[in-house]
Amino acid sequence: MLTSILSLIQAAVVFGTVIMLGCIGEILSEKSGSLNLGVPGIMYIGAIAALVGVFFYEGAAENPSPLLCVVIALACGFCASFAAGLLFSFLTITLRANQNVTGLTLTIFGSGIANFFGGSLNKLAGGVGQISVSVTSDAFRTKIPELSDIPVIGPLLFQYGFMVYFAVIAAILLQFFLSKTSTGLNLRAVGENPEAADAAGIHVIRYKYLATCIGAGITGLGGVYYVMDYIKGTWANDGSIEKLGWLAVALVIFTTWKPKNGIWGAYVFGLLYWAYYYIPGLNRSSQEIFKMLPYIVTIIVLVVVSFRNKKENLGPAHLGRSYFREER
Amino acid sequence: MEQQTAIRMQNITKAFGQVLANHNVSIDIRKGEILSLLGENGSGKTTLMNMLSGIYYPDAGKIFVNGEAASIRSPGDAFAYGIGMIHQHFKLIDVFSAVENVVLGLRGKDANLKLAAKKVCEICETYGFEIDPGQKVYNMSVSQKQTLEIIKVLYRGADILILDEPTAVLTPQETERLFHVIRNMKKAGKAIVIITHKLHEVLSISDRVTILRRGEYVGTIETKDATVQSLTEMMVGKKITLNIERPQVANPQKRIEVKNLTVMRQDGVRLLDNVSFTANSGEILGIAGISGCGQKELLESIAGLQKVSDDASILYCAPQTDASIELVGKNPKAIRDLGITLSFVPEDRLGMGLVGSMGMTDNMMLKNYRRGHTPFMERKEPKELAEKIKEELEVVTPGINIPVRRLSGGNVQKVLVGREIAAAPTVLMTAYAVRGLDIHTSYTIYRLLNEQKRAGVAVIYVGEDLDVLLELCDRILVLCAGHVNGIVDGRATTKEEVGMLMTHLQKEDGRNAV
């Protein structure tokens, strides 16, 4: 019993980390008013960029250094996702394209390009499932030594790769940035009322670009973690990254745009998502009902938040709209 | 004592496309002085001041700040020169607290919330404001928001304050409090400009008045030498003869009778206050007033689009049967189902009147889409109507199926007016029917309105050009801040009389004492 609860929690934490990274990246972006629905696509792009990067490094180096592997994976994933965010920003901020359409297109584009390169990579490696970036994957999955050996607490808190802790720290830092710093205040102003921000001398366009691109970069790290830890350094064309991407978007709403809620929210989503696996007596069809739980919870949260009608809990007022100074 | 000049604007000209918003305007703003900038709507007051606050850049002319030539290209530049403008539409973030709004966009020590809260309290003490630095903006009243805007500007060290129609949204008590603060700022040596069109405020607060008319500088006088009459004359100018036809009223009959009509905005401000009047058949009733004085709400109340007070009554007197029908509480469909044809040409032509992305035919169908009895559209009739309107009103369009958005303003208006008239209304309401139209099209509209008048329709014409109102309308109802300030005979009245009624509330009744 205890072991199965422990393994449920572990699965939830690993799952939660993927969507937590996706969620806080998206929060940063949405706080500037950019509703980027390209989260799944960006995760795809981050994942494949990291995989390609380390695949060639590990293939070329005699003795791949684990540290360098990690750095390459993170750098490739972040930069590629940042570039995807830049594309989104250019289309929606500079050209003022519709954010919903652009985001959805980015999702389709990201999944297409990632699966194209994933397929090519499989071919290079000599067949599906043959990709091996074991050094990188192992580095990502290294547990904290000693601490992880403590009974119960060890497996519960310390038996994860470093990205799990990185995600929590990133969420705390983002929370601090948004609520305590003046730059964070300015960023929130841009998402709430860009006209007022503009009149106060804030460079609205610059803030939107930076928040959207860095947000996309963080989101992409979720994809890196997914491919390196969650599926252990392989490539699968089954679209499961996309599912997690949409859950990350749902999680943004669930957290009412507060990164600190993203920490526990992501794990709750993980628990709900994996619950079916640990509940005895479910057949294939009833499993699917349980898999819907995260979405149902999000809807309930939305309803509750709307009922309470507290302005701070709603999204940024100018979310999803483009800003043009001379429009009146 | 000689007062120092804070700002001198010299020969400023600014055009938007073909329209000259300011033409060769020169004004002086002095330290320790309150200057009123007076003029009708569209006289270029706000445009002129926006060039000081960095929103617009002048096409020609020079600006001197404290004697030195200045180039103000952004709101940031304006702050650097110590110029702060309080816009009519507040630029505040709703979910932020007062002090968070104050420090927005600032850096370093200025952006420290604790220090800022302290400084805000100091500013409040100096000038006699009251505000809670931690209060969220969405919990604030309009006057608190305005106070916050003023504090925001003072916090940034402005010595020159421009207030754009600051009293438009305030109650008399709040206005008094604002004036008290403004006088304190004047004592502290700040230069203050108030943009307004309310004469009694000009007389009560300012030291000098500068008057603009249609973008041109008319003159500057000392307030102590000014009277309501002299200011009105300078503001509205001499009467211009337009030679608009005005047929005699034949057989007028009561058609619409409005009694005790009050419309409240959500925050309790009265947009229309106890309005009563009648509109007769075969007559054009003009409605004059500074824009935003309740014209829109008045027409929308009759059309069944506004929520009105419980004791209001809008009676429709049917032409043949003389039956009186209460329109309050009925939506446009209910009114139409009673067999009453009210036609409404709204101010917002492509927003409320027509669908911009649809052609003329489809727009005609909006009015009678309910007539068909099959799931399919019957396009024949509307198509004929569209053709007819195109021909009779000389609508310039490549074809009746071209989206009306692509037509010029005048042609859009012809389509809209044509459709509304084609419904054979008994009441025709038009809001700013000739706004933005050229002379020729304007006269076409006047002709159409007169035709309807002859046909026995009760025409209500909301207008902004006093010369047109004086020549076209049989009676003119003048609105001032939601009140009926008077109903005058269009043939007997003068431009000065209407101008006075528009800008000077006749009686200060106890509407806030309630």
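The values are calculated or read from the model by the stated rules, or taken from the named source; none is laboratory data. Treat the numbers as computed from the prediction; the structure is a model and nothing was measured. When we count neighbours, we look across all protein chains shown, and the Cβ atoms used for this are built from the backbone with ideal geometry, even at glycine.
Against the definition (within 22 Å of A:TYR165 (Cβ to Cβ) and assigned to a helix (DSSP H, G or I)), how does A:GLY46 come out, yes or no? Lay out the reasoning, then the answer.
Numbers: within 22 Å of A:TYR165 (Cβ to Cβ): yes; assigned to a helix (DSSP H, G or I): yes.
Considered against the rule, which asks whether it is within 22 Å of A:TYR165 (Cβ to Cβ) and assigned to a helix (DSSP H, G or I), A:GLY46 comes out as yes.
Return the residues of the stretch B:71-107 that are in contact with a Phe, Trp or Tyr (Cβ under 7 Å, 6 or more places away or on another chain), over 21 Å from B:MET51 (Cα atoms) and hydrophobic (A, V, I, L, M, F, W, C); say none if nothing qualifies. Walk me through how you get there before you give the answer.
Within the stretch B:71-107, the subset in contact with a Phe, Trp or Tyr (Cβ under 7 Å, 6 or more places away or on another chain) is B:72-73, B:94-95, B:102.
Subsequent filtering for residues that are over 21 Å from B:MET51 (Cα atoms) retains B:94-95, B:102.
If the condition is that a residue be in contact with a Phe, Trp or Tyr (Cβ under 7 Å, 6 or more places away or on another chain), over 21 Å from B:MET51 (Cα atoms) and hydrophobic (A, V, I, L, M, F, W, C), then B:VAL95, B:VAL102 are the ones that fit.
Please work out if A:LEU37 is assigned to a loop (DSSP other than H, G, I, E, B) and surrounded by fewer than 24 Cβ atoms within 10 Å (Cβ to Cβ).
On the way: assigned to a loop (DSSP other than H, G, I, E, B): yes; surrounded by fewer than 24 Cβ atoms within 10 Å (Cβ to Cβ): yes.
Yes; evaluated as a whole, the condition is true for this residue.
So which strands (runs of 3 or more DSSP E) stay within the stretch B:250-301 end to end and still have 2 or more residues that are assigned by TED's automatic domain parsing to the domain that holds B:VAL434, hydroxyl-bearing (Ser, Thr, Tyr) and modelled with pLDDT of 90 or more? Walk me through it before giving the result.
Numbers: elements: B:254-264, B:270-280, B:283-288.
Counting at least 2 such residues, we get B:270-280.
Name the residue, out of A:SER81, A:SER29, that is among the polar types (S, T, N, Q), touching a Ser or Thr at 6+ places or on another chain (Cβ under 8 Å), surrounded by 21 or more Cβ atoms within 10 Å (Cβ to Cβ) and under 14 Å from A:VAL252 (Cβ atoms). Outline the logic, then answer.
Details: A:SER81 fails: under 14 Å from A:VAL252 (Cβ atoms).
Unique residue meeting the criteria: A:SER29.
So which residues in the stretch A:1-18 are touching a Gly at 6+ places or on another chain (Cβ under 7 Å) and crowded, with 24+ Cβ neighbours inside 10 Å, if there are any at all?
Selection gives A:GLY16, A:VAL18.
Could you go through the stretch A:94-109 and let me know if any residue there is farther than 10 Å from A:GLY38 by Cα, part of a helix (DSSP H, G or I), under 23 Å from the mean Cα position of the chain (by Cα) and not hydrophobic (A, V, I, L, M, F, W, C).
Checking the stretch A:94-109: not a single residue is farther than 10 Å from A:GLY38 by Cα, part of a helix (DSSP H, G or I), under 23 Å from the mean Cα position of the chain (by Cα) and not hydrophobic (A, V, I, L, M, F, W, C).
Take the residues of the stretch B:54-93 that are among the hydroxyl-bearing types (Ser, Thr, Tyr) and touching a helix residue (DSSP H, G or I) at 6+ places or on another chain (Cβ under 8 Å): which is nearest to B:LYS136 (Cα to Cα)? First the steps, then the outcome.
Taking the stretch B:54-93 and keeping what is among the hydroxyl-bearing types (Ser, Thr, Tyr), we get B:56-57, B:71, B:74, B:81.
Filter once more, so that each one left must be touching a helix residue (DSSP H, G or I) at 6+ places or on another chain (Cβ under 8 Å): B:56, B:71.
Numbers: B:TYR56: 31, B:SER71: 36 Å.
Within the stretch B:54-93, the match that is nearest to B:LYS136 (Cα to Cα) is B:TYR56.
Given the structure, is A:SER89 crowded, with 22+ Cβ neighbours inside 10 Å and of a type in the set (Gly, Ala, Ser)? Working first, answer last.
Details: crowded, with 22+ Cβ neighbours inside 10 Å: yes; of a type in the set (Gly, Ala, Ser): yes.
Yes.
Can you tell me which of (1) under 24 Å from A:SER111 (Cβ atoms); (2) without any contact (Cβ under 8 Å) to a residue 40 or more places away in the chain is the one A:GLY222 doesn't meet?
(2)
Confirm whether B:GLY282 is of a type in the set (Gly, Ala, Ser), over 21 Å from the mean Cα position of the chain (by Cα) and surrounded by fewer than 22 Cβ atoms within 10 Å (Cβ to Cβ). Walk me through it before giving the result.
Details: of a type in the set (Gly, Ala, Ser): yes; over 21 Å from the mean Cα position of the chain (by Cα): yes; surrounded by fewer than 22 Cβ atoms within 10 Å (Cβ to Cβ): yes.
Taking the combined requirement at face value, the residue satisfies it.
Let's see how each residue does on (1) at pLDDT below 95; (2) under 13 Å from the mean Cα position of the chain (by Cα); (3) within 14 Å of chain B (Cβ to nearest Cβ):
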| residue | (1), (2), (3) |
| --- | --- |
| A:ALA170 | no, yes, no |
| A:GLN175 | no, no, no |
| A:SER179 | yes, no, yes |
| A:ASN193 | yes, no, yes |
| A:HIS203 | yes, no, yes |
| A:TYR209 | no, no, no |
| A:ILE214 | no, yes, no |
